[in-house]
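Structure first, then comments.
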Amino acid sequence: MTKLGAGVPDSIQGSVVRRGDLVFRRLAKGAGLAVLVVLAAIAGFLVWRSVPGLRANTANFLTSTAWFPDQSPSRFGIAAIAFGTVVTAALALLIAVPIGFGVALFIAFYAPPKLATALGFIVDLLAAVPSIIFGLWGLQVLMPHLGGLQRWLNDHLGFIPIFHNSLGIYTKSLFVAAVVLGVMVLPTVSAISREIFLKVPHSNVEAALALGATRWETMRMAVLPFSRPGMISAAMLGLGRALGETIAVALILSALNVVNWHVTEPGGNTFAANIALGWNEAGPIGLSALIASGLVLFVLTLVVNVVARSIIWRRAEFHEGL
Amino acid sequence: MTTLTLATGHLQGRRLPRAAAPATALVAAALAVLLGQISPVSGVAGTTCVAVVLFFAGYTALSFAVEGSRHAIDRLASTLIYASFLAALVPLVWILSTVLVRGGRVLSAGFLGHSMRGIGADATGGGVYHALVGTIEQVLLATVIAVPIGVLTAIYLVEYGRHSKLSKAIGFFVDVMTGVPSIIAGLFVYSAFIVSLGFQRTGLAGALALSILMIPVVVRSTEEMLKIVPSELREAAYALGVPKWRTILRVVIPTAIGGITTGVMLAIARISGETAPLLLTTFLSQSINFNPTSGPQASIPTFVWDQIGSATHPALDRAWAGALVLILFVAVLYTTARLIAWVTGGARR
């Protein structure tokens with residue numbers, strides 16, 4: 001600014017900073033800062049409000065599987081719910097990631113170009129279905145249908161410990177929850193990896209095709225290597241969503257905090273489902289204990305999201321620099 | 001004709017005829033049905049799985065025999081990619097059709113016009129009116145809180161803070177915030193607003209939790225829209241001596257308003273189905289409460305949760321009908337958003 005008006009007398013130039021500009025700029029900056037403040041406040045309040053519960057706890061918070069915060073002496077730990085959260089999220093990713101990448105490749109390269117946008121919109125609709133409806137469907141419709149599959153897994157693959165089921169009951173299992181989670185995470189994975197695939201330079205794809213590569217060879221040589229970091233972060237963002245999903249999981253699982261590797265047997269719980277299921281019965285210490293477990297979930301999802309986003313952001317800056 | 005095909009045949013190597021795929025599919029299906037008679041895997045789902053596996057194996061083997069390994073792998077990959085798209089459609093169609101059929105049986109004017117006051121879990125009747133009132137009020141309040149903050153943040157990111165360290169940090173954490181689980185927003189509002197400040201569990205507390213989930217969505221969509229406003233428009237305004245803030249309010253925002261509105265509608269659609277934060281911040285309520293600042297207030301998602309919890313036949317019927325109302329609510333918002341995008345987009349062209 002000073003360079004432009006260097007030779008001009010002040011009387012013509014007028015004051016550079018107008019009051020309206022200053023106020024508006026500060027408003028906008030304040031709103032932006034508010035976002036950071038909210039994120040910090042979430043961490044701060046969760047830490048503060050989890051202290052009473054953690055003080056009262058007589059068991060090891062990290063290694064205990066019990067959840068009896070309102071008994072005296074109060075005993076609770078996150079081992080069981082952490083186990084359930086990680087297992088359901090991992091199984092959900094095993095389902096959602098291959099299908100999600102397939103859907104993204106289909107929409108980006110295989111579908112007729114005229115239909116691609118519409119087909120992408122249809123898959124995105126899956127993300128618009130509220131999680132309570134996934135839960136209702138999972139509990140009432142999908143769970144009975146998955147009984148046969150889980151029995152088959154037990155009968156034929158029962159020698160693999162996780163598929164073994166000694167109870168013969170196949171409802172309310174971590175496996176059912178993981179399948180529903182997989183469906184819910186699928187649109188996240190496919191939408192983000194689709195964005196990544198669409199950024200692959202056309203010239204690379206065309207060069208591969210011109211050299212006589214088949215479509216799959218083009219994908220393998222030109223598309224996938226270029227997109228690998230983005231695909232990893234798409235999977236991680238899906239993981240973040242699977243870790244924190246509450247209602248669908250809470251409807252399918254019963255509040256039974258156990259560590260059980262037989263994932264088709266009933267039982268198991270997750271961080272978020274434990275909070276939703278225990279909330280209304282909890283006393284003051286119980287609420288504080290649930291907040292403490294929520295803090296662990298918050299940190300977990302924060303780490304996953306920060307890593308995933310920094311991969312994407314670094315790529316974006318790299319492309320802007322090109 | 002024959003010479004031509006022969007010539008290309010020599011150039012290309014042998015290829016499978018177009019009818020190969022449907023023919024293999026038919027054979028696989030027939031074999032699966034036959035196998036279903038003698039093997040332990042039966043039923044519609046089992047037979048379909050066997051048919052799909054047979055098709056993959058048969059088609060790839062056929063292609064390998066005729067075309068060689070490269071094309072066989074290519075065909076297998078293509079089939080898998082097409083199949084994954086179809087697999088993604090299955091749950092969508094399944095969920096929507098179930099909600100339509102099971103919810104449609106119960107949905108009526110009476111269901112929309114009555115609350116659950118005095119209706120026991122075993123009794124039929126009752127309705128979603130109190131929840132509809134709650135959801136509309138909570139979502140409106142959340143929008144009133146989240147839209148100004150979200151739009152102003154986007155303005156800061158695009159118009160003021162370009163390439164500054166602070167704006168990069170804000171942009172990054174907005175992205176991170178989209179990944180914060182919704183139940184954490186509920187926990188935060190509970191521990192800050194209700195425990196620490198001593199407010200009651202009300203519709204307003206629920207709206208606060210929803211606004212936390214809404215802000216990052218609004219920021220992202222508004223930012224995208226502001227970025228595509230041509231900078232010539234801004235420069236023209238500056239050249240006429242218009243202050244920057246008036247340029248933003250009078251030139252930039254009006255140009256992008258269609259897209260911003262679409263983004264806001266989509267954000268509303270996203271939060272109106274949220275259950276977890278509302279469970280922690282508003283009590284379940286069976287009666288009509290028009291006042292979001294005092295007393296428990298129902299909402300459609302918590303209504304469905306409550307009915308599923310009752311687990312009786314009439315309650316589950318009500319849960320499906322509530323789910324249908326929720327889907328319709330979200331669908332109306334989605335369609336409106338698309339219509340706005342289409343109308344304003346068309347006007348500019």
Practice problem: Binning at 5 Å from 0, report for region B:129-348 what percent of all alpha-carbon pair distances ends up in each bin. | Solution: 1, 7, 13, 16, 16, 14, 11, 9, 6, 4, 2, 1, 0, 0
Self-check item: Estimated dipole of chain B in Debye, rounded to 20 [Cβ of Lys and Arg +1, of Asp and Glu -1, Cα centre]
Solution: 780
Quiz prompt | Too-long pairs where the Cα-Cα distance tops 20 Å, listed order kept, from A:Lys29/B:Lys168; A:Lys199/B:Lys227; A:Lys29/A:Lys199 | solution = A:Lys29/A:Lys199
Quiz prompt | Spin-label pair B:Leu89/B:Gln286, simplified geometry with 7 Å Cα→Cβ offset, distance in nm | solution = 4.5
Quiz item: Which listed residue (B:His313, B:Ile184, B:Gly263) has the Cα farthest towards the positive end of the charge dipole for region B:129-348, taking +1 on Lys and Arg C-beta and -1 on Asp and Glu C-beta about the Cα centre?
Solution: B:Gly263
Quiz item: Suppose every K and R has +1 on its Cβ and every D and E has -1 on its Cβ; what is the size of the dipole of region A:144-224 about the Cα centre, in Debye to the nearest 20?
Solution: 120
Practice problem: Two decimals is fine: what is log10 I(q)/I(0) at q = 0.10 Å⁻¹ for chain A, from a Debye sum with one equal scatterer on every Cα and no solvent? | Solution: -0.74
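Once the mean 1/r over all distinct Cα pairs of region B:61-134 is inverted, what Kirkwood radius in angstroms do you read off?
Its Kirkwood hydrodynamic radius stands at 16.7 Å.
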Practice problem: Can you pull the one-decimal nm distance between simple spin-label points at B:Leu34 and A:Ser310, each 7 Å off the Cα toward Cβ? | Solution: 5.9
Exercise. Determine, from the Cβ-Cβ distance of B:Leu166 and A:Asp124 and an R0 of 30 Å, the FRET efficiency 1/(1 + (r/R0)^6), rounded to the nearest 0.05.
Key: 0.40
Quiz item: Which value in nm describes the separation of the simple spin-label points at B:Trp342 and A:Trp48, placed 7 Å from the Cα toward the beta carbon?
Solution: 4.9
Practice problem: Report, to the nearest 10°, how far helix B:203-227 tilts away from the longest principal axis of the Cα atoms in chain B, using its own Cα long axis and a range of 0 to 90°. | Solution: 60
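Please find the FRET efficiency linking B:Ala25 to A:Leu115, where r is the Cβ-Cβ separation and R0 is fixed at 22 Å, and quote it to the nearest 0.05. Could you put the intermediate results ahead of the total?
Values: r = 22 Å, r/R0 = 0.98.
Result of the calculation: an efficiency of 0.55.
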Self-check item: Charge dipole (debye, nearest 20) of the protein assembly as shown; +1 at Cβ of Lys and Arg, -1 at Cβ of Asp and Glu
Solution: 1400
Exercise. May I have the extent of the alpha carbons of the protein assembly as shown along their three principal axes, as whole Å values ordered from largest to smallest?
Key: 89, 73, 53
Self-check item: Potential lengthening between A:Ala41 and A:Leu211 on full extension [0.36 nm per residue; Cα-Cα distance subtracted]
Solution: 55.6 nm
Quiz item: Which Cα, out of A:Thr88, A:Phe24, A:Leu139, lies furthest along the positive dipole direction of chain A (beta carbon charges, K/R +1, D/E -1)?
Solution: A:Phe24
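If you scale each eigenvalue of the Cα gyration tensor by 5 and take the root, what three semi-axes come out for region B:215-340, rounded to whole angstrom and sorted largest first?
Numbers: eigenvalues 365, 49, 21 Å².
The answer is 43, 16, 10 Å, longest axis first.
Given a Förster distance of 30 Å, report the FRET efficiency between B:Ala236 and A:Asn204 from their Cβ-Cβ distance, rounded to the nearest 0.05.
0.20
Laboratory data are not the source of any read-out in this text; all were calculated from the coordinates shown. Bear in mind the structure is a predicted one, so any value in this text is a computation, not a measurement. We place every Cβ from the backbone using ideal geometry, glycine too, and count neighbours over all the protein chains shown.
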